[in-house]
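Read through the structure below, which is laid out as C-alpha cells, and then see the notes.
We did not get these values from a lab; they are worked out from the coordinates using the rules stated. Keep in mind the model is a prediction, meaning the values are calculated, not measured. Here Cβ is always computed from backbone atoms with ideal geometry, including for glycine, and neighbour counts include all displayed protein chains.
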Amino acid sequence: MATVEAKTVEQLAKAEARDYLWTLNFGPQHPATHTTLRLVLLLDGERVVDAIPDIGYLHSGFEKIGEHLTYNQYVTVTDRMNYISPLANNIAWHGAVEKLLGLELTPRCKYVRTILAELARISDHLLCNGAVGLDTGAFTYFLYAFYQREVLYDIFETLCGARFTNSYTRVGGAMHDMTPLVVDKIRAFVRNFPKTLDDMDRLLNRNRIFIDRTKGVGVLTKAEAIARSATGPIARASGVARDLRKDEPYLAYKDFDFQVCCSPVGDSFARYLVRMAEMRESLKIVEQAIENLPTGPINVSIDERTALPNKQQVYTTIEGTISHFELMMANRGFTAPFEESYGAIESPNGELGFYVAGDGTDVAYRARCRPPSYIHFALFPHLIRGHTLSDIVAVLGSLNIIAAELDR
Amino acid sequence: MTEQKTVASLSEAFPSTTWSEFRGDTRAVISRGDLFAALKHLRDACGFDLLVDVTCVDYLNYRDAEDRFGLVYLLANAETNERITVRTFVNEPNLTVASAVPLWAGADWLEREVFDMFGIVFEGHPDLRRILLPDEFTAHPLRKDYPLQGRGERHNFPVLYRAEG
C-alpha cells in the first residue's frame, strides 16, 4: 500500500545519512530507455535502493490540443500517443466519441476495427518482447520480431497510405473501406506469422541467459497490481483476469472464440510469456474476423450526419450533396450532446480510455486520455527496489513504457 | 454498468448523493466533504477495488454550469467489471479535496497530474508536486482561462549554455 517516498534524492540521502550511496542519472537519452524518460537512481554498489522517475520531457499538451481540434482532426494526435500501436489509439478515441454521440457502427466497420486493433496488438507485443530480448542480449530475436513488424507496416500502408501514423478511423466509420488487397495481405500474414512465433518461442522461452535475466525480477503481486491500477498484460501476468474484450465486449469481440492469457507469477518473464500467448490469441481473432468479414457499407448512414457520404451519394442524391456540404463547411459539422462519457478499449498496453465531454459543437470540451503507460510507469520504482542496475532494462522493457503516451 | 445494489448502498450511506445515467455510465455526484468516505465505502463495501482514472473538467463558460471544477473518479470492480463514475464539484477559492492515495496507491500520479494541470490540491497526498510540467511553471494549463498558445513561458525559460553547464 501507499508508502511515503522521499521527495528528492537529496532529502533521502540526508535523512538516512548514507553517504556511501551514489546517484546515477539514467536517461533522458539512453538506448535502453527507448524513449525520452529519465530516472534518478540511488545505488548501493550495483543494487538499486531507490528510483525516482522524472517525466515530462515529451509533454506536448495533447489534452489541451484536444479541446481545440474537431473529433475527426484529433485522431492525428492520438497516433502520436502510443506510436507503437497507433491504430489502437485511433479506435479508442473514436470509440469514446461514438459512445458520447450514441452512434452504432455498421457490422463491417466493427469487424474491420477489430481486425486492426488485433494487428496493432501483435505489432505492439512484437516490439515490446523484441526490445526486452534486445536489452537482455538476444539480438537475433529482435530481428525476427522486427521483420514481422515490417510486414504489418506494409499491411497498414496498403490500408491507409501511412505506415506509422495511420489516422485511419473517422467518427462513424473509417477514412475508406478495406480493399481486397489488404484482405489478401492479412490472410498471408495469418498464414505465415505462426511460423515466426514458433521460432521466437524456440529462441527465447528456454534460453538460460534470458530466463536468468527475467525470472523473479520485478515481481508484481495481484493485490498490488489492483491497488496500483495496473491493467492489460501487466495485470494479467499478475493473475488479474481482467480483459475488456471479454468483460465488456465492444466492437465485434463477442463473435469470436479466444482466450484471456493470464499468469499467477507476476515477474518480467511472466509478462513476456503473457504477451507471447496474447499474440497467438490475437491471430486467432484476426483469422476468424477476416474469414467472416461482413459486406456492406463501412460508414454509418448519412441520416446520422456524422460520417461523410460516399462519392456516389454525393454526386447522385440531394441528401448526399447537402450532407457532404454541411460536414465540410467550417462552423457546421455535427453536434455533440452537453454530456460526458468514458469509453475504453483493451489496448495492447492496457485499458486505454478517453473521458470526453461534449459542448454542443464538434470540438471536445475536455478530451482526457487514460494512458496505460503513465499508470504503469508509476509502478516502476516499486518493482525495481532491491534489484540490480542491470535488471532495470528487463523491468522497464517488460512494462512497455512509451514516453509519448506517458507524457502526452 | 452499475448494479442497483451499489446505488442503494451508496445512497443509504450518503443520502445527498445524486445519480444520473448516460450511455450506460452510472454517475454519482458526491459532496466534497463526503468524497473520501464515499470512495472508501465503494472500495470496502461495494467491491470497487480498481481506481481506473482520476481526472478533472473545468466548467468555466460551460452551459448551465454552476461549479467551476468537476473532479471525476472512475472506479471498477476487477472481478465483475462493474463500473461507476464518482464526481464532485470544487469551487474557487477553496480548491482542496481529500486525497485517495490512502485507499489506492495508484492514485498517486493521477492526482499529481490533476494538481499540475488544474491546481486542485489533494490533502493528505504524500508527494504533491508538479509531474509533467517543470517546477518553475506557475500556471495550470488545462484550465479554460489558460490560452492554447501559452503565456510566453517558453520564451522566458533560462537558457543554459554548454560552458556554464
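State yes or no: is B:VAL121 in contact with a Gly (Cβ under 9 Å, 6 or more places away or on another chain), touching a residue at least 24 places away in the same chain (Cβ under 8 Å) and either away from chain A (no Cβ under 14 Å) or β-branched (Val, Ile, Thr) (or both)?
no
Does the stretch A:257-289 hold any residues that are among the polar types (S, T, N, Q), more than 18 Å from A:ALA394 (Cα to Cα) and either in a helix (DSSP H, G or I) or within 17 Å of the chain's Cα centre (by Cα) (or both), and which are they?
Listed by number, the residues that qualify are A:SER282, A:GLN288.
Of all residues being out of contact with any helix residue (DSSP H, G or I) (no Cβ under 6 Å at 6 or more places or on another chain) and of a type in the set (Asp, Glu) in the stretch B:37-88, which is nearest to the other protein chains (Cβ to nearest Cβ)? Just the residue, please.
Among them, the one singled out is B:ASP53.
How many residues are hydrophobic (A, V, I, L, M, F, W, C) and within 16 Å of B:ALA105 (Cα to Cα) when one looks only at the stretch A:370-394?
6
Only one of (1) in contact with a helix residue (DSSP H, G or I) (Cβ under 6 Å, 6 or more places away or on another chain); (2) touching a residue at least 24 places away in the same chain (Cβ under 8 Å) is not met by B:VAL29, so which one is it?
Every listed condition holds for B:VAL29 apart from (1).
Could you list all residues from the stretch A:199-227 that are assigned to a helix (DSSP H, G or I) and farther than 19 Å from A:LEU127 by Cβ?
A:ARG202, A:ARG208, A:ILE209, A:ILE211, A:ASP212, A:LYS222, A:ALA223, A:GLU224, A:ALA225, A:ILE226, A:ALA227 - these are the residues of the stretch A:199-227 that are assigned to a helix (DSSP H, G or I) and farther than 19 Å from A:LEU127 by Cβ.
Return the residues of the stretch A:355-377 that are within 19 Å of the chain's Cα centre (by Cα) and either surrounded by fewer than 24 Cβ atoms within 10 Å (Cβ to Cβ) or assigned to a helix (DSSP H, G or I) (or both); say none if nothing qualifies.
A:PRO372, A:SER373, A:TYR374, A:ILE375, A:HIS376, A:PHE377
Scan the stretch A:168-185 and give yes if some residue there is crowded, with 19+ Cβ neighbours inside 10 Å and among the polar types (S, T, N, Q), otherwise no.
Yes.
Where in the stretch A:85-162 are the helices (runs of 4 or more DSSP H), entirely inside, with at least 2 residues that are basic (Lys, Arg) and touching a Gly at 6+ places or on another chain (Cβ under 6 Å)?
Helices (runs of 4 or more DSSP H) meeting the threshold: none at all.
Does B:ASN91 fit the bill of being more than 9 Å from chain A (Cβ to nearest Cβ), in contact with an Asp or Glu (Cβ under 6 Å, 6 or more places away or on another chain) and among the polar types (S, T, N, Q)?
Values: more than 9 Å from chain A (Cβ to nearest Cβ): yes; in contact with an Asp or Glu (Cβ under 6 Å, 6 or more places away or on another chain): yes; among the polar types (S, T, N, Q): yes.
So B:ASN91 passes the test.
Based on this model, can you work out whether B:PRO134 counts as surrounded by fewer than 14 Cβ atoms within 10 Å (Cβ to Cβ), over 10 Å from the mean Cα position of the chain (by Cα) and facing chain A (nearest Cβ under 10 Å)?
Considered against the rule, which asks whether it is surrounded by fewer than 14 Cβ atoms within 10 Å (Cβ to Cβ), over 10 Å from the mean Cα position of the chain (by Cα) and facing chain A (nearest Cβ under 10 Å), B:PRO134 comes out as yes.
Output yes when any residue across the stretch A:31-40 is in contact with a Ser or Thr (Cβ under 8 Å, 6 or more places away or on another chain) and surrounded by fewer than 21 Cβ atoms within 10 Å (Cβ to Cβ), and no when none is.
Yes, the stretch A:31-40 has at least one match.
Would you mind stating whether A:GLY320 is outside any helix (DSSP H, G or I) and over 26 Å from the mean Cα position of the chain (by Cα)?
No, not satisfied.
If you go through the stretch A:344-366, how many residues are within 10 Å of chain B (Cβ to nearest Cβ) and small (Gly, Ala, Ser)?
Result for the stretch A:344-366: 4.
Under 8 Å between Cβ atoms, which residue pairs at least 6 apart in sequence (or on different chains) link something in the stretch B:12-23 that is under 14 Å from B:LEU42 (Cβ atoms) with a partner that is assigned to a strand (DSSP E or B)?
B:THR17/B:ALA28; B:THR17/B:VAL29; B:TRP19/B:THR26; B:TRP19/B:ARG27; B:TRP19/B:ALA28; B:TRP19/B:VAL29
For the stretch A:228-247, does any single residue satisfy the condition of being away from chain B (no Cβ under 14 Å), in a helix (DSSP H, G or I) and either in contact (Cβ under 8 Å) with a residue 60 or more places away in the chain or of a type in the set (Ser, Thr, Tyr) (or both)?
The answer is yes, given that some residue of the stretch A:228-247 is away from chain B (no Cβ under 14 Å), in a helix (DSSP H, G or I) and either in contact (Cβ under 8 Å) with a residue 60 or more places away in the chain or of a type in the set (Ser, Thr, Tyr) (or both).
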